[in-house]
Amino acid sequence: MISIIDYKVGNIFNVRNALKYLGFESEVINKKNEIKNAKAIILPGVGAFDDAIKQLKKDDIYHDLKAKILNGVPTLGICLGMQVLAKSSQEGLEQGLGVIDTVVEKFCSKEGIVPHMGWNKVDYNNSESAFYYFIHSFYLPITDYTVGFTNYITNFSAVIKKNNLLATQFHPEKSGVDGLKILKEFGDLV
């Protein structure tokens with residue numbers, strides 16, 4: 001069973017449909033007692049960094065979620081769900097979960113149209129590439145955990161992988177066959 005965190009910023013319906021299509025069972029959770037029992041977690045997300053962190057704290061799952069990730073529970077962050085894994089964001093004042101030691105940065109709108117929206121190529125460290133659907137104004141810079149990157153205004157992390165943690169700046173649930181491969185890779189960890 002894959003637990004999808006409902007922190008009022010997610011694209012839960014599409015994520016659940018994609019998981020169902022792939023044959024994975026999922027549940028939507030947002031309570032402290034529910035997260036304590038989670039065996040695999042997806043943090044979807046569309047929205048603002050501070051709103052997401054405040055909702056996790058309001059639902060009293062912020063600390064338990066961080067502990068689950070640090071204790072090895074398979075976790076997938078999607079878009080904003082990737083960004084909340086960082087220490088903080090230039091988008092707001094709240095502290096992120098801090099499981100990725102970086103700060104989320106803002107695209108410079110003088111150098112291109114923001115938000116970055118639409119299909120773009122992700123180049124993987126093993127030299128493969130694929131196209132995925134993006135919509136975001138903030139990004140994670142390249143880190144030691146970057147396994148796939150994209151260029152839009154600047155190079156940034158499109159996919160990070162750290163132990164039990166997988167995160168994508170793009171939306172795999174909206175990215176056709178290649179996106180489904182990412183969700184299947186995650187689901188197979190469970």
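Every number here is computed from the coordinates shown, using simple stated rules; none is lab data. For clarity, every value in this text was computed on a predicted model and none was experimentally measured. Ideal geometry is used to build each Cβ from the backbone, glycine not excepted, and the neighbour counts take in all protein chains shown.
The numbered conditions (1) touching a residue at least 12 places away in the same chain (Cβ under 8 Å); (2) more than 18 Å from the chain's Cα centre (by Cα); (3) exposed (fewer than 13 other Cβ atoms within 10 Å of the Cβ); (4) farther than 27 Å from Tyr62 by Cβ are all true for Glu128 except (1).
Taking region 15-27 as the search range and keeping residues that are surrounded by fewer than 16 Cβ atoms within 10 Å (Cβ to Cβ) and not small (Gly, Ala, Ser), which one is nearest to Lys58 (Cα to Cα)? Steps first, please.
Of region 15-27, the ones surrounded by fewer than 16 Cβ atoms within 10 Å (Cβ to Cβ) are 17, 20-23, 25, 27.
If we keep only those that are not small (Gly, Ala, Ser) too, we end up with 17, 20-22, 25, 27.
Working: Asn17: 27, Lys20: 29, Tyr21: 32, Leu22: 32, Glu25: 27, Glu27: 20 Å.
The extreme case among them is Glu27.
Look at region 160-174: where a residue is on the phi < 0 side of the Ramachandran plot and buried (at least 23 other Cβ atoms within 10 Å of the Cβ) and a partner is of a type in the set (Ser, Thr, Tyr) and not in a strand (DSSP E or B), sitting 6+ places away or on another chain with Cβ atoms under 9 Å, you get Ile160/Thr143; Ile160/Tyr145; Ala167/Tyr145; Thr168/Ser175.
Within the set Val177, Val190, the sole residue that is over 16 Å from Val99 (Cβ atoms), without any contact (Cβ under 8 Å) to a residue 12 or more places away in the chain, among the aliphatic types (A, V, I, L, M) and not in a strand (DSSP E or B) turns out to be Val177.
Considering each residue of region 83-96, count those that are polar (S, T, N, Q) and assigned to a strand (DSSP E or B), and give that number.
Taking region 83-96 and keeping what is polar (S, T, N, Q), we get 83, 88-90, 95.
From the residues that got through so far, the ones that are assigned to a strand (DSSP E or B) too are 88-89, 95.
The qualifying residues number 3.
Scanning region 28-50 for residues that are surrounded by 23 or more Cβ atoms within 10 Å (Cβ to Cβ), aliphatic (A, V, I, L, M) and within 24 Å of His116 (Cβ to Cβ) turns up Ile42, Leu43. Counting only residues that are closer than 23 Å to Lys68 by Cα and surrounded by 15 or more Cβ atoms within 10 Å (Cβ to Cβ), region 144-156 holds 3 of them.
Give region 131-143 a look and list any residue that's aromatic (Phe, Trp, Tyr) and crowded, with 22+ Cβ neighbours inside 10 Å, or say none.
Listed by number, the residues that qualify are Tyr132, Phe134, Phe138, Tyr139.
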